[in-house]
């Protein structure tokens, strides 16, 4: 080997090592965060944590039952609003989206996907909190729904596009109308993928805090009234983590572990659903 | 094409012209079906128009009162009712660029590792772990930052850094914890998965013949990556980085919890700063006068326009490489 060739091979090895090192660092970040969450969170979780509402500041004990229920309610309502619109828009993009309008909608969906969620909170505040004169869970749900629509639209489109055109042609050849083919054959074939997309969207909004700060606001008491301010796990974590008490910090870690667990479970179910359907395709 | 054409954009095409072309005639119910789907899809353009008009309407009093000086004035005084957003705009840009500085080498390494160097059995697990990073809620990053990252920085990073580079203007002052540095680092960790996922898709779209040709010419593995693979995907990689920038600019909770929230412009990364998103998060529900609220709307408007522009540029660049795939959305 000549000197120059040797230098080039050393360079190649060095850069490969650097790439591996940096990749390891990125993976390490996740391990550190999850590790800390589990160690600090798990020790604080007991039965009362799930069954009781918060106690007055400075006292020990108490739980986040109100926040867990609030998260489930607000996210469910958001999904109820967001999923039909998102899936509908996605079906449009996949089925009719090759023209100018389709292009525009696709582009806007991608751009909206990167819009700061805090700005969507402002919009939710303007439309619901301002006219009704009070913070409410409903306003939070609307803001979260706006956040999930563009995401679901794009994943739905992608999944529907995977359906082979021959299926469509077969259905049409058998005398199915187009709309029936689209709903009964195409959408049903892609159902696993669509469900996955929706679940991923739900997992993402379940952890959102910023759009809820001045819509759902937060509430230290237990409530299921959608027209009242409501607590969510994410809001609770924010208050507890930035507060001055050690007891709050303990609860913040525990709530963070629970929230992370929820998000992870939804994400894993989402993966599992697609694996069933598309295991061989993807 | 070196410039960025906003119109006409490269159309990502499906396999056929429209999926239905040439397949039977349409009946009335088919037309109804199409109309319903179209109406729903129109909701998205409507949404962006509504958001813009809400922000402009809300910001109008402040726009009229302060004019363009809002952007470069650094007085933010709710008592005197005078507002200028310069410190937040500075903080937003500074924290995002700091984040890019850290995140880009890491994220590109992950993408290169996964597409070029990784043994096959390791690809899935690493990709999965990086995707998980994207699934962690912002507020959880913030919590981790307060209780783990900041103590670590205070104990093990800042002292040696100051000893080494303490003379530069970037490391002046006492480090209390909440600072531009802490905010930038947490942002970096948060945007790594986005940049990595999109870059990976871009690199996967590079034809194998590019690598094979370089290797056949006697290039080493790294030379093949550097001279054949990366230049081919350059537009897409830049798009991925800009996409990460868009995320960083608008990220709210973790930054609010770590950056210190002080209306101040300082070059030192050890000092507290403020971002536009953090200002809205902190002050919106406490705005006491209507002009105060309007000023926060204007901050929201600036943030919205900035991120929409950044995202639009990123999308154009990425679409040019990976035709129309919903790149990145799968990373979530």
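When you scan the stretch A:180-192, do you find a residue that is at positive phi and without any contact (Cβ under 8 Å) to a residue 60 or more places away in the chain, even just one? No, that holds for no residue.
Does residue B:287 meet the test of being modelled with pLDDT under 90 and either farther than 20 Å from residue B:319 by Cα or surrounded by fewer than 21 Cβ atoms within 10 Å (Cβ to Cβ) (or both)? Here the answer is yes, as residue B:287 does meet what is asked. Considering (1) in contact (Cβ under 8 Å) with a residue 40 or more places away in the chain; (2) assigned to a helix (DSSP H, G or I), the lone condition that residue A:107 does not fulfil carries the number (1).
What number of residues in the stretch A:164-180 are surrounded by fewer than 16 Cβ atoms within 10 Å (Cβ to Cβ) and in a loop (DSSP other than H, G, I, E, B)? Selection size over the stretch A:164-180: 3. Filtered by the rule that a residue be more than 7 Å from chain A (Cβ to nearest Cβ) and surrounded by 13 or more Cβ atoms within 10 Å (Cβ to Cβ), the stretch B:26-38 gives a lone residue, B:36.
Screening the candidates A:137, A:109 for the property of being touching a strand residue (DSSP E or B) at 6+ places or on another chain (Cβ under 7 Å), modelled with pLDDT of 90 or more and buried (at least 24 other Cβ atoms within 10 Å of the Cβ) yields one hit, A:137. On the stretch given as the stretch A:248-271, residues that are closer than 21 Å to residue A:160 by Cβ and either modelled with pLDDT of 85 or more or touching a strand residue (DSSP E or B) at 6+ places or on another chain (Cβ under 8 Å) (or both) total 2.
For (1) in a loop (DSSP other than H, G, I, E, B); (2) at pLDDT below 90; (3) surrounded by fewer than 17 Cβ atoms within 10 Å (Cβ to Cβ), each residue gets a yes or a no:
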position	(1), (2), (3)
A:1	yes, yes, yes
A:5	no, yes, yes
A:17	no, no, yes
A:25	no, no, yes
A:72	no, no, yes
A:82	no, no, no
A:88	no, no, no
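One residue stands out among those in the stretch B:108-160 that are at the interface with another protein chain (Cβ under 10 Å from one of its Cβ atoms), without any contact (Cβ under 8 Å) to a residue 40 or more places away in the chain and over 21 Å from residue A:203 (Cβ atoms): the one that is surrounded by the fewest Cβ atoms within 10 Å (Cβ to Cβ), which is B:122. Residue check: residue A:68 meets all listed conditions (1) within 23 Å of residue B:132 (Cβ to Cβ); (2) free of Cβ contacts under 8 Å to residues at least 40 places away in the same chain; (3) assigned by TED's automatic domain parsing to the domain that holds residue A:213; (4) crowded, with 16+ Cβ neighbours inside 10 Å but one, namely (2).
Residue-wise test of (1) within 14 Å of chain B (Cβ to nearest Cβ); (2) touching a residue at least 12 places away in the same chain (Cβ under 8 Å).
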residue	(1), (2)
A:12	yes, no
A:30	yes, no
A:33	yes, no
A:45	no, yes
A:79	no, yes
A:85	yes, yes
A:99	yes, no
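The values are calculated or read from the model by the stated rules, or taken from the named source; none is laboratory data. Just so we're clear, the structure is a prediction, and the values are computed from it rather than from any experiment. Note: ideal-geometry Cβ built from the backbone for every residue, glycine included; neighbour counts use all protein chains shown.
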